[in-house]
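Remarks on the structure that follows.
The values are calculated or read from the model by the stated rules, or taken from the named source; none is laboratory data. This is a predicted model, so every value here is computed, not measured. Note that each Cβ is placed from the backbone with ideal geometry, even for glycine, and that neighbours are counted across all protein chains shown. Calculation scope for accessible area: heavy atoms of the full protein, side chains included, ligands and nucleic acids excluded. Shrake-Rupley method; radii C 1.70, N 1.55, O 1.52, S 1.80 Å.
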Amino acid sequence: TLLAVLALTSCSTLSSWIPAIPAPSFGWFSSSKKLGPLPEYKPVANPRIGWQVAIGKAAPGLEPTVTREAIYSAATNGTVTRVDPATGATVWRVDAGKRLSAGAGADATLVAVGTDKGDVLAYSVDGKPLWQAKVTSEVVSPPKVAEGTVVVWSGDGRLFGLSAADGKTRWVYQRNNPPLTVRNFAGGVITRGGLFVGTAGGKLLALDLGTGTVGWEANVATPKGATELERIADITSLPLIEEKQACAVAYQGRVACFEILRGTLNWSRDLSSLDGLVVDDGAVAQKAVMA
């Protein structure tokens, strides 16, 4: 009896100071309020397909290269194709005889593709085989061809500068990568004798195209976090090069623009992207912003 009295007394005491919890309301879920109308969209252009041509199966690392006279493309099955940009007519199509992983890269004199075995194959603009070279790992990005140099990105993090004349190695650039990185197919940008490329760990590099010498190295983003996953701050897209500045954006990092000759920081913002940047006359913007 005494225990029952104590229990009743305790219940009475607790109920005197524990506030009543109101039942949840789901009125917002069935609210009759509607979103406002979207702004009217008025198209300013009516795009249409001028021509199209099948080139074969594509994959990351395979993308067309457009020059003044031609469009070059590569497919995973080993097909390399030149297309007339004005009409879409196939000028030539050759079989590399190997499964391709990267390409096509080209200038006015040479077309280059790469394989998942580290082979680099070069063709003339007439589709004739010129030479074949070997790098240390899978070719992961479309080769860049300019000023007598073919730049190749390998899967082990190395950059190779090959002679466009015979495929011999002119220079190799290598840096230590973080333990965990995002697989990157972007490659780099060549302009005014320089190669601009983003790296794992959030660096933007400016290299001399002829020698591979680093002109400057800038920090776009600093890896932060308690785990390797949180510390990923790789640049996974092409740098954006303007007349006076070079810009890049890092995954889980920020966007930053640097003076193009010296690499000094012009400005930066805490924004992230996997897909890169676009620019118009007044602004720089992300193609896709990651939360």
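Which numbered condition in (1) open to solvent by 60 Å² or more (accessible area, probe 1.4 Å); (2) touching a strand residue (DSSP E or B) at 6+ places or on another chain (Cβ under 9 Å) is the only one that GLU243 fails?
For GLU243, the exception is condition (2).
So the check is Cβ under 7 Å with 6+ separation or different chains; which pairs have a first residue in the stretch 193-208 that's in a strand (DSSP E or B) and a second one that's among the acidic types (Asp, Glu)?
Taking only residues 6 or more apart or on different chains, the pairs are GLY194/ASP208; LYS203/GLU217; LEU205/GLU217.
Can you pull out every residue in the stretch 157-192 that is outside any strand (DSSP E or B), of a type in the set (A, V, I, L, M, F, W, C) and at pLDDT 95 or above?
Initial filter on the stretch 157-192 (outside any strand (DSSP E or B)): 157-158, 164-168, 174-188, 192.
Those still in the list that are of a type in the set (A, V, I, L, M, F, W, C) too: 164-165, 180, 182, 185-186.
Listed by number, the residues that qualify are ALA164, ALA165.
Of all residues being outside any loop (DSSP other than H, G, I, E, B) and hydrophobic (A, V, I, L, M, F, W, C) in the stretch 209-222, which is farthest from LEU159 (Cα to Cα)? Just the residue, please.
Restricting to residues being outside any loop (DSSP other than H, G, I, E, B) and hydrophobic (A, V, I, L, M, F, W, C), the top hit is ALA218.
State the number of residues belonging to the stretch 223-259 that are in a loop (DSSP other than H, G, I, E, B), under 24 Å from THR191 (Cβ atoms), touching a residue at least 24 places away in the same chain (Cβ under 8 Å) and not hydroxyl-bearing (Ser, Thr, Tyr).
Total satisfying the criteria: 8.
For residues that are among the aromatic types (Phe, Trp, Tyr) and closer than 14 Å to PRO129 by Cβ, tally how many sit in the stretch 66-115.
Going through the stretch 66-115 one residue at a time, the tally reaches 1.
Quick test of your reading of the structure: ALA7 fulfils all but one of (1) at pLDDT 90 or above; (2) open to solvent by less than 80 Å² (accessible area, probe 1.4 Å). Name the failing condition by number.
So ALA7 meets the others, but not (1).
Any residue that is open to solvent by 40 Å² or more (accessible area, probe 1.4 Å) and over 30 Å from GLN132 (Cα atoms) - is there at least one of those in the stretch 153-176?
Checked the stretch 153-176: no residue is open to solvent by 40 Å² or more (accessible area, probe 1.4 Å) and over 30 Å from GLN132 (Cα atoms).
Give all pairs with beta carbons closer than 8 Å in which a residue from the stretch 120-141 that is among the polar types (S, T, N, Q) and at pLDDT 95 or above meets a residue that is surrounded by fewer than 18 Cβ atoms within 10 Å (Cβ to Cβ) and assigned to a strand (DSSP E or B); count only pairs at least 6 apart in sequence or on separate chains.
Listed pairs, sorted by first residue: SER124/LEU130.
Hey, could you check the stretch 263-282 for residues that are assigned to a strand (DSSP E or B) and in contact with a Leu (Cβ under 9 Å, 6 or more places away or on another chain) and say which is surrounded by the most Cβ atoms within 10 Å (Cβ to Cβ)? Steps first, answer last, please.
Here is the first cut: in the stretch 263-282, the ones assigned to a strand (DSSP E or B) are 265-269, 277-279.
When the remaining residues are screened for being in contact with a Leu (Cβ under 9 Å, 6 or more places away or on another chain), the result is 277-279.
Working: LEU277: 19, VAL278: 11, VAL279: 13.
For the stretch 263-282, the residue satisfying everything is LEU277.
Kindly establish whether ILE49 is of a type in the set (Val, Ile, Thr), farther than 28 Å from ILE190 by Cα and part of a loop (DSSP other than H, G, I, E, B).
yes
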